[in-house]
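So the structure is just underneath, and the comments pick up after that.
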Amino acid sequence: MDAATQGVMHDLTLLVWLALIVGVGAYRLLRVALPGTYWNGTGRVEVGWCLPPDAMIVAAISMLLLTGLRVDESAAAAVAPAAETTALSVNATLGSIVVQLGLAVLLLVYLRNVRRLSPAELFGLRQLSLGRLLGVVLLAAVPMLVVVNGSAFFMQEWLRGFWPDMSGQEAVEAFRKSTDPVAKGLMIIAAAVIAPLVEELFFRGFIYGVMKRYTDGLFAALCSSILFAVVHMHVGTLLPLALLALIFCALYERTGSLLVPMLLHAAFNSVSLVVMLFFPEVKP
């Protein structure tokens, strides 16, 4: 990742972190001043389960992200002449899958064994029947793809005149250029199955829920969506990924089931993979 991208991601994360500090204090004062108003009581995502230790975990996650994104100009310059993209390898992809699943297990163990909460109830996994779940996903899929891909086109055109690096995400470019079928297969599993499960569990299920508990739904959706876009480490996809995350938050609130954003996330990633596999000249 080049220094310019590092700088943008670092600054965005810092802004979100500062916004959360100010927002939590502001919403606390509003609730004291207007005790009859339930600022976080709308929607179907229940947040009464959140406690201060959960907020501390979210703060730690954001601080770790902020620390990891500190711009190091000399390091960025040192790696600049290297290969343009990271090679896709079986070990690296498998390692990424193991790490993601490990983090998901840790969160579930924390919720189940430490907080004594049922993840199935907490995230509304039994909220919708199979027929209704598939119906919501099918109805939302096309508008989602239109909005996200339209914003991606707008973002690319806007950046073209001044941004130094217009290449795709490192993982995407590595997938395009890889000739290893095993590595590609693992990447497909990681993108179409693992990432939707793990990222939705963290960003919509936990982080969004905790942020909503101490602010409100809209504020929490904006902050968690920006963080979701930042962790993908690519300036060109900041806007479309943030919009994608906002859509996921809205549908989660509308249905009360985390399965909806999980399935839509899987559908979005799968469509992108199909485009890369069969239409390599197109950049999704």
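The values are calculated or read from the model by the stated rules, or taken from the named source; none is laboratory data. Everything numeric here is computed off the predicted structure, so don't read it as measured data. All Cβ positions, even for glycine, are placed from backbone atoms using ideal geometry, and neighbour counts span all protein chains on display.
A few remarks follow.
- Filtered by the rule that a residue be within 27 Å of L239 (Cα to Cα), loosely packed, with under 14 Cβ neighbours inside 10 Å and at pLDDT below 85, region 3-49 gives a lone residue, T42.
- Condition check for I189: farther than 19 Å from V45 by Cα, part of a helix (DSSP H, G or I) and within 20 Å of the chain's Cα centre (by Cα): yes
- Hey, M166 in contact with a helix residue (DSSP H, G or I) (Cβ under 8 Å, 6 or more places away or on another chain), part of a loop (DSSP other than H, G, I, E, B) and within 23 Å of G236 (Cβ to Cβ) or not: yes
- Hits in region 212-240 - residues which are among the aliphatic types (A, V, I, L, M), farther than 19 Å from A59 by Cα, in a helix (DSSP H, G or I) and touching a Leu at 6+ places or on another chain (Cβ under 9 Å): V235, L238
- Of the residues L133, L94, L117, L101, the single one that is in contact (Cβ under 8 Å) with a residue 60 or more places away in the chain and outside any helix (DSSP H, G or I) is L117.
- When region 231-284 is filtered for residues that are free of Cβ contacts under 8 Å to residues at least 40 places away in the same chain and among the basic types (K, R), nothing remains.
- Restricting the first member to region 28-41 and to residues that are in contact (Cβ under 8 Å) with a residue 40 or more places away in the chain, and the second to residues that are among the basic types (K, R), the beta-carbon pairs closer than 7 Å and six or more apart or on different chains are W39/R31; N40/K212; N40/R213.
- Hits in region 129-178 - residues which are in contact with a His (Cβ under 7 Å, 6 or more places away or on another chain) and loosely packed, with under 13 Cβ neighbours inside 10 Å: none
- Residue check for A55: more than 23 Å from C249 (Cβ to Cβ) and crowded, with 16+ Cβ neighbours inside 10 Å: no
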